[in-house]
Amino acid sequence: MSQTPTPPASYDVLIVGTGHAGAQAAIALRQEGFAGTIAMIGEEAYPPYERPPLSKDYLAGDKPFERILIRPERFWDERGVTLRLGEEVTAVDAEARCVMTAAGAVIGYEHLIWAAGGHARRLSCAGHDLAGVHGVRTRADVDRLIAELPGVDQVVVIGGGYIGLEAAAVLTKFGKQVTIVEAQDRVLARVAGEALSRFYEAEHRAHGVTVRLNESVTCIEGEGAVTGVRLADGTVLPAQMAIVGIGIVPAVAPLLAAGASGDNGVIVDAQGRTSLPHVFAVGDCAAHANDFAGGAVIRLESVQNANDQATAAARTIAGREAAYHAVPWFWSNQYDLKLQTVGLSIGHDRAILRGDPATRSFSIVYLRAGKVIALDCVNAMRDFVQGKALVAGGAVVAEDALADVTRPLKTLWPMG
C-alpha cells in the first residue's frame, strides 16, 4: 500500500516536460475538446519553446527567444493550461497517481504524460566539467555559449551529428577556427548514407572547418577552463571552447524506477501508453515499434515524432482512440544548405543519386528490397514533399526513373 501523502495539487492531465511533445499534448487535448484541468511541469524557467533553432537561428542571432516560443506565453493561460516552470520531477508513484518534485512537492494526476525528452550526453573523461565545455540542449546552454564567444578563437566540436555540424557552421560564420572530432569514419554516420556524409564533410572542409574522423577524445585539458582537447593519439587541439554533441540520455529514470518497461527510453504502445496504468510517454524519451524501421523498437528525436506521438496520446485520453503511424521526417540547416529527410534509411541496400551534388541541389533515394524507404533531399524541397508518398506506400520504382530529375517523383508511382 502506498504511503505517499494526498497531493495538495492535482490535475486531470499532468504533463512532465515543456518541449515540443509536452506542448503539443496540451494543445491537442484542448483541440479534442478535453475540458479537464491540465498542467505542464518543466525544469526550465521558460515557457515551451522550439529546440531545433538553438543550434541554428538562435545561436546565430537570427531569431530572438520570443520568436522561437511554440506559442505566445498568454496562449497557455487562455487555454487553461497551468505552467509549473522551474520544477524537476524526481519520482513517480503510479499506484497513488502522483509525482514528487526535487523541492518536495507532491502533485496528483488522473493521467500522466511523460514528455521529459532527454539531457545532453556528457563526456565521461577528465575535464568534462571545465568552463567552456558546452552541450547544446537548452536555452541556458546556448546563452552561456554565446556569452563566451567574444573571448574564443578556436573551437573543438566533439561529435559529427546534426547538432555538431550545425554549431560548426554557425561558429565558422562568426570567424572562429573550428575543428570537428568524430569517432566514426564519417559524419552523420547514424542518420545518413555515405554519399551524403561525404558531401557534408566536403562542405565543411570547404568552409575552413577541420574534420578529424576516426578520432576519440582522451580528456579536456585546462585549469578551471578548457585550453585544449587531447585525442587518443596524443594530439592536443588548442581550444577555448568545446561543444559536445554526442547524443542525449533519455530522461526516464523516475518512470523506470516506478516500474515502467524500458531501458534506453521507456517502451510505449501505438497510443503512447507505458506499462504503468494511466501513464503515457511521448517524444524523444519514448521507445516504440516503428513501421518505417521494419517494426524495430526505436526512439526518434524529431519534432515530427514529438508532435505526432503527443497527438495520439491526447486523443486517446480524450476518448478518441488513435494510433501513432506517421512517416518520420527531419531537417538540418548548414550554411546555405537545407537538408530535409523523409523516412528512415536504416538497413538500406541501395542508394540512388538523383541530381548532381555539384549543383548543391540533389536527393538520395534509399531502397530496401526494391522498396523506397527514405530520401535525403538537399535544397530539393519538391523531392522531399513528393517523396513522402513513396515512403508511405513502400513504392517499388525503377532505379533509372528515380535517378531521372526530369521526372517528378509524384509521376513515378503507382506504376503499371
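The values are calculated or read from the model by the stated rules, or taken from the named source; none is laboratory data. Bear in mind the structure is a predicted one, so any value in this text is a computation, not a measurement. In this analysis, Cβ positions are derived from the backbone assuming ideal geometry, glycine residues included, and neighbour counts consider all displayed protein chains. Side chains are part of the model used for accessible areas, which takes the heavy atoms of the whole protein and leaves out ligands, DNA and RNA. Shrake-Rupley method; radii C 1.70, N 1.55, O 1.52, S 1.80 Å.
Does any residue in the range 279-297 that is of a type outside the set (Gly, Ala, Ser) come within less than 6 Å, Cβ to Cβ, of a residue that is open to solvent by 40 Å² or more (accessible area, probe 1.4 Å) six or more places away or on a different chain, and which pairs are these?
From residues that are of a type outside the set (Gly, Ala, Ser), the pairs are 280/273; 284/301; 297/289.
Quick check on the range 228-237. Is at least one of its residues assigned to a strand (DSSP E or B) and open to solvent by 40 Å² or more (accessible area, probe 1.4 Å)?
yes
Could you check, for the range 106-114, whether at least one of its residues is open to solvent by 20 Å² or more (accessible area, probe 1.4 Å) and part of a loop (DSSP other than H, G, I, E, B)?
no
Does residue 41 fit the bill of being within 28 Å of residue 300 (Cα to Cα), among the aliphatic types (A, V, I, L, M) and at pLDDT 95 or above?
Yes: the conditions hold for residue 41.
(1) more than 19 Å from the chain's Cα centre (by Cα); (2) modelled with pLDDT under 95; (3) open to solvent by 60 Å² or more (accessible area, probe 1.4 Å): which one isn't true of residue 150, the others all being true?
Condition not satisfied by residue 150: (2).
When you go through 144, 137 one by one, which is the residue that is open to solvent by 20 Å² or more (accessible area, probe 1.4 Å), free of Cβ contacts under 8 Å to residues at least 60 places away in the same chain and under 22 Å from the mean Cα position of the chain (by Cα)?
144
Quick grid of which residues meet (1) in contact with a helix residue (DSSP H, G or I) (Cβ under 6 Å, 6 or more places away or on another chain); (2) farther than 23 Å from residue 34 by Cβ; (3) acidic (Asp, Glu):
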site: 248; (1), (2), (3): no, yes, no
site: 268; (1), (2), (3): no, no, no
site: 281; (1), (2), (3): no, no, no
site: 291; (1), (2), (3): no, yes, yes
site: 306; (1), (2), (3): yes, no, no
site: 310; (1), (2), (3): yes, no, no
site: 330; (1), (2), (3): no, yes, no
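For the range 124-144, which positions are in contact with a Ser or Thr (Cβ under 8 Å, 6 or more places away or on another chain) and either assigned to a helix (DSSP H, G or I) or among the charged types (D, E, K, R) (or both)?
Hit for the range 124-144 is 142, nothing else.
Quickly run through the range 86-105 and pick out the residues that are in contact (Cβ under 8 Å) with a residue 24 or more places away in the chain and open to solvent by 60 Å² or more (accessible area, probe 1.4 Å).
Of everything in the range 86-105, those that are in contact (Cβ under 8 Å) with a residue 24 or more places away in the chain and open to solvent by 60 Å² or more (accessible area, probe 1.4 Å) turn out to be 88, 90, 95, 97.
Being of a type in the set (Gly, Ala, Ser) and open to solvent by less than 50 Å² (accessible area, probe 1.4 Å) is the filter; apply it to the range 45-85 and report the residue that is farthest from residue 334 (Cα to Cα).
By that ranking, first place goes to 80.
Kindly evaluate residue 167 against the criterion of being under 28 Å from residue 286 (Cβ atoms) and either surrounded by 15 or more Cβ atoms within 10 Å (Cβ to Cβ) or among the hydroxyl-bearing types (Ser, Thr, Tyr) (or both).
Yes: the conditions hold for residue 167.
I need a count of the residues in the range 273-297 that are buried (at least 20 other Cβ atoms within 10 Å of the Cβ) and under 25 Å from residue 162 (Cβ atoms).
So the count comes out to 10.
Under 7 Å between Cβ atoms, which residue pairs at least 6 apart in sequence (or on different chains) link something in the range 208-235 that is under 22 Å from residue 152 (Cα atoms) with a partner that is basic (Lys, Arg) and outside any strand (DSSP E or B)?
Short answer, once both residue conditions are applied: 211/205.
Which is hydrophobic (A, V, I, L, M, F, W, C) and assigned to a loop (DSSP other than H, G, I, E, B), of 169, 192, 202, 147?
192
For the range 356-397, enumerate the residues that are open to solvent by less than 60 Å² (accessible area, probe 1.4 Å), part of a strand (DSSP E or B), within 21 Å of residue 293 (Cα to Cα) and out of contact with any Asp or Glu (no Cβ under 7 Å at 6 or more places or on another chain).
365, 366, 372, 373, 374, 376
What pairs come out if I take residues in the range 332-353 that are free of Cβ contacts under 8 Å to residues at least 24 places away in the same chain and pair them with residues that are part of a strand (DSSP E or B) and crowded, with 19+ Cβ neighbours inside 10 Å whose C-beta lies under 8 Å away, six or more apart or interchain?
Cβ pairs passing all conditions: 349/367.
Just to check your reading of the model, which residue among 205, 190, 198 is modelled with pLDDT under 95, of a type in the set (Lys, Arg) and surrounded by fewer than 16 Cβ atoms within 10 Å (Cβ to Cβ)?
190
Do you know which residues across the range 346-355 are surrounded by fewer than 17 Cβ atoms within 10 Å (Cβ to Cβ) and either at pLDDT 95 or above or within 14 Å of residue 403 (Cβ to Cβ) (or both)?
Matches in the range 346-355: 350, 353.
Restricting to the range 286-331, count the residues that are among the basic types (Lys, Arg) and closer than 20 Å to residue 117 by Cα.
1
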